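The values are calculated or read from the model by the stated rules, or taken from the named source; none is laboratory data. Keep in mind the model is a prediction, meaning the values are calculated, not measured. Every residue, glycine as well, gets a Cβ built from its backbone with ideal geometry; the counts of neighbours run over all protein chains shown. The accessibility values were calculated without ligands, DNA or RNA, using every heavy atom of the protein model including side chains. Shrake-Rupley method; radii C 1.70, N 1.55, O 1.52, S 1.80 Å.
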Amino acid sequence: MSVQVIDKSSGVYKVVKTIGSSSDEFEVEKLKKLADEFIMSFHGQQTLAFGHQDDDTFYQSVYNSIQKVQMLGPELVLGRIFDQIGFNVIPEELFRHLVISRLIYPVSKLKTIDYLQKYKGITISVNEIYRFMDRFHKSHMEDAKKISYTHTVGVLGGQFGMIFYDVTTLYFEAADEDDFRISGFSKDGKHSNPQIVLGLLVSQNGYPLDYEAFQGNSFEGHTMLPVIERFKAKYKLEKLTVIADAGLMSNSNIKLIRAKNCEFILGGRIKNETDTLKKKILSLKLEDKKYSELKRPDGLRLIVQFSSSRASKDAHNRAKGMERLKKKLATGKLSKKHGSVLKVGGLG
């Protein structure tokens, strides 16, 4: 029996290679295996022939095949987006790898090292990453911000008039503070850990524009104006409408924003309004998704809207909270902390 590799890709049978011939059944099987190996090498294709083999040679061949595998999908898709945005002009190859890795596998620096070694064949130490981040912050951070801003402006058709501002906290798994990483109010509940406060500006649809980092004990309400002023000066913007949540709405912030001739939309809380205004708000009989406009004593407009879905969610959360408090009360484990929550719940 003759064993040959035949190609019919063009519609015509063509002998590519004659592997050999034999009348011995055992020898024929060996020739078939050689033919399979030739086909794989001929097409440049890697395959893992999983089966029921138990010998060490089989598992070693599988391991050797895996070593040749790279994860190309993220680079083909996310790498192209990375280039289209313009980040490829930054002369740091590790920047590209860390960004793409962070998007598809957001883990610690140590696990990122394992990921890069396993899927990209890149061997690097955690100290090299930290040194790179210091170097990048000093030499390329402002370039990265400008690239991001330019891309966002392009996506939005060359101009925008609204910016959204929000604040979060980032804590560090460390015991010691320094001049910047300082313990403060932590949104992650890590009040004993040193942290920084991060203020982020985004555009419509969440495209990033800029950010600033502040000392960990900074009050979030005091971060908004410095970020906006620096942002306006950096990009020579004359007029902006600033949108932020209720945590940033204070009388001092409102005065400063108005003094800077900025338009704004800030979230409000009923409990912060005057008693007269509270009564007007609570007396409104609004249908779902309908709104009413009221005047504040300082002349600002207050837009009040009713949402049945939000009201249902809030009622559900209040009921759950009250149920938990009742259980604590029944077991005698109700502390002063729980008592303060009970008072807030009672106010509705």
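Of all residues in segment 215-227 being under 11 Å from residue 165 (Cβ atoms) and in contact with a strand residue (DSSP E or B) (Cβ under 6 Å, 6 or more places away or on another chain), which is surrounded by the most Cβ atoms within 10 Å (Cβ to Cβ)?
224
All but one of (1) modelled with pLDDT of 90 or more; (2) open to solvent by 60 Å² or more (accessible area, probe 1.4 Å); (3) not in a helix (DSSP H, G or I) hold for residue 297; which doesn't?
Condition (1) is where residue 297 drops out.
Identify the residue in segment 256-278 that is surrounded by 13 or more Cβ atoms within 10 Å (Cβ to Cβ) and acidic (Asp, Glu) and, among all such residues, is farthest from residue 232 (Cα to Cα).
Restricting to residues being surrounded by 13 or more Cβ atoms within 10 Å (Cβ to Cβ) and acidic (Asp, Glu), the top hit is 273.
Being open to solvent by 60 Å² or more (accessible area, probe 1.4 Å) and in a helix (DSSP H, G or I) is the filter here, so list the residues in segment 191-214 that pass it.
205 - this is the single residue of segment 191-214 that is open to solvent by 60 Å² or more (accessible area, probe 1.4 Å) and in a helix (DSSP H, G or I).
Restrict the check to segment 26-34 and report whether at least one residue is more than 54 Å from the chain's Cα centre (by Cα) and outside any helix (DSSP H, G or I).
No - not one qualifying residue is present in segment 26-34.
If you go through segment 112-152 one residue at a time, how many are among the charged types (D, E, K, R) and open to solvent by less than 30 Å² (accessible area, probe 1.4 Å)?
1
Test residue 302 against the criterion of being hydrophobic (A, V, I, L, M, F, W, C) and without any contact (Cβ under 8 Å) to a residue 24 or more places away in the chain, and give yes or no.
No; evaluated as a whole, the condition is false for this residue.
Among the residues of segment 163-190, which ones are in a strand (DSSP E or B), more than 25 Å from residue 81 (Cα to Cα) and of a type outside the set (Ser, Thr, Tyr)?
166, 167, 170, 182
Name the residues in segment 242-290 that are out of contact with any helix residue (DSSP H, G or I) (no Cβ under 9 Å at 6 or more places or on another chain), closer than 16 Å to residue 162 by Cβ and either among the hydroxyl-bearing types (Ser, Thr, Tyr) or at pLDDT 80 or above (or both), would you?
Listed by number, the residues that qualify are 243, 245, 265.
Of all residues in segment 300-320, how many are in a helix (DSSP H, G or I), open to solvent by 100 Å² or more (accessible area, probe 1.4 Å) and of a type outside the set (D, E, K, R)?
The number of residues fulfilling the criteria is 1.
Can you tell which of 47, 123, 57, 112 is in contact with a helix residue (DSSP H, G or I) (Cβ under 9 Å, 6 or more places away or on another chain), modelled with pLDDT under 80 and among the hydroxyl-bearing types (Ser, Thr, Tyr)?
47
Would you check if residue 328 is in a helix (DSSP H, G or I), among the basic types (Lys, Arg) and at pLDDT 85 or above?
It is false that residue 328 is in a helix (DSSP H, G or I), among the basic types (Lys, Arg) and at pLDDT 85 or above.
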